[in-house]
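Report on the following structure.
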Amino acid sequence: MQTENSNIGSYKFVAEPFLVDFTGHLTVGMLGNHLLNCAGFHATARGFGIPALEKLHCTWVLSRLAVEMDRMPCQYETFTVETWVENFYRLFTNRNFAVLDETGSAIGYARTIWAVIDLDTRKPVDLPAEAAGRIADYLCGRPCPIEKPSRMKAAALEPADTLPVRYSDIDINGHVNSIRYIEHILDLFPLEMYRRRRVRRFEATYVAESRYGDSLAFYKQQTGEDIYEVELRKNGAESVCRAKIVFADAPAPSA
């Protein structure tokens, strides 16, 4: 019998200088990297990670992400990421995260939705029974106090930017890494924006894959006070990623 504590993975990190931006805070992209790594650590240690799924000729892919932070860890600050599986269904799995400061207090949370795809067709498939059985042993009822990822679609008519998919965008699966989408989207805003504002909440929905040589167009629209939505389309047509960014006041400079 598993206890709820054993169902939660806990991983400690340091906000090293090459992971922070010019304000001295961990970037959203680097935090996203840590979250995805922790998901992998947690799932693999419990027998339903990518190595186990690859034996069944399938793999996990990130479908949706919502990160909401009261503040980002500062340079050299030690922080902890905790992760647990909330539920699973035929096609999707819900995984949550908490980000804790050095005192163990929560400074942010994240919600993710993961799908299983066939390695050949790259299409969603039912969660294999073997993996589902393992996940069922590690479900956790711990609440996650942020809203679930929402549905969004930017309605802008003209792209704010276009970029070709380059070498540094491509991961081991041969497609654009999910974190690179986040970084490209946040690059749409000028540096001055980040002097005055910080990202309080970032959402992404991953719709389709992009590969080397594709052209990405970024359609950005402001939909509310401090709220923006962005849609990425490849090769002038197909939507590949949608995002929502909510800004808040930047922290006051330290004395």
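The values are calculated or read from the model by the stated rules, or taken from the named source; none is laboratory data. All figures in this text were calculated on a predicted structure; none of them were measured in a lab. Heads up, the Cβs are rebuilt from the backbone with ideal geometry, glycines too, and the neighbour counts pull from every protein chain shown. All accessible areas refer to the heavy atoms of the entire protein, side chains included, with ligands and DNA or RNA removed. Shrake-Rupley method; radii C 1.70, N 1.55, O 1.52, S 1.80 Å.
Some observations on this one:
- Test: residue in the range 193-205 that is under 20 Å from the mean Cα position of the chain (by Cα) and either surrounded by fewer than 17 Cβ atoms within 10 Å (Cβ to Cβ) or farther than 17 Å from Phe247 by Cα (or both): yes
- Listed conditions (1) surrounded by fewer than 20 Cβ atoms within 10 Å (Cβ to Cβ); (2) aromatic (Phe, Trp, Tyr); (3) within 13 Å of the chain's Cα centre (by Cα) are all met by Phe97, apart from (1).
- Filter result for Glu229 (open to solvent by less than 50 Å² (accessible area, probe 1.4 Å) and under 24 Å from Arg122 (Cα atoms)): no
- Evaluation of Gln222 against (1) free of Cβ contacts under 8 Å to residues at least 24 places away in the same chain; (2) within 25 Å of Ala39 (Cβ to Cβ); (3) touching a Phe, Trp or Tyr at 6+ places or on another chain (Cβ under 7 Å) (one fails), failing number: (2)
- Leu157 open to solvent by 30 Å² or more (accessible area, probe 1.4 Å), aliphatic (A, V, I, L, M) and at pLDDT below 95: yes
- Looking across the range 1-47 at every residue that is closer than 20 Å to Leu191 by Cα and of a type in the set (Val, Ile, Thr), the one that is most open to solvent (accessible area, probe 1.4 Å) is identified as Thr23.
- In the range 105-123, the residue that is farthest from the chain's Cα centre (by Cα) out of those that are open to solvent by 50 Å² or more (accessible area, probe 1.4 Å) and free of Cβ contacts under 8 Å to residues at least 40 places away in the same chain is Thr121.
- Matching entry among Glu68, Glu54, Glu82, Glu102 (being among the acidic types (Asp, Glu), at pLDDT 95 or above, over 15 Å from Lys12 (Cβ atoms) and open to solvent by 30 Å² or more (accessible area, probe 1.4 Å)): Glu68
- Elements of type strands (runs of 3 or more DSSP E) contained in the range 166-255, each with 3 or more residues being closer than 24 Å to Thr59 by Cβ: 197-206, 238-249
- Residues of the range 54-100 satisfying the condition of being aromatic (Phe, Trp, Tyr) and under 22 Å from Arg198 (Cβ atoms): Tyr76, Phe79, Phe97
- Every residue from the range 7-31 that is farther than 19 Å from Arg197 by Cα and touching a residue at least 40 places away in the same chain (Cβ under 8 Å): Asn7, Ile8, Gly9, Ser10, Tyr11, Lys12, Phe13, Val14, Ala15, Glu16, Pro17
- Condition met for Asp137 (among the acidic types (Asp, Glu), over 16 Å from Val240 (Cβ atoms) and either out of contact with any strand residue (DSSP E or B) (no Cβ under 9 Å at 6 or more places or on another chain) or open to solvent by less than 60 Å² (accessible area, probe 1.4 Å) (or both)): yes
- In the range 160-192, the residues that are open to solvent by less than 40 Å² (accessible area, probe 1.4 Å), within 15 Å of Asn33 (Cβ to Cβ) and of a type in the set (Gly, Ala, Ser): Ser178
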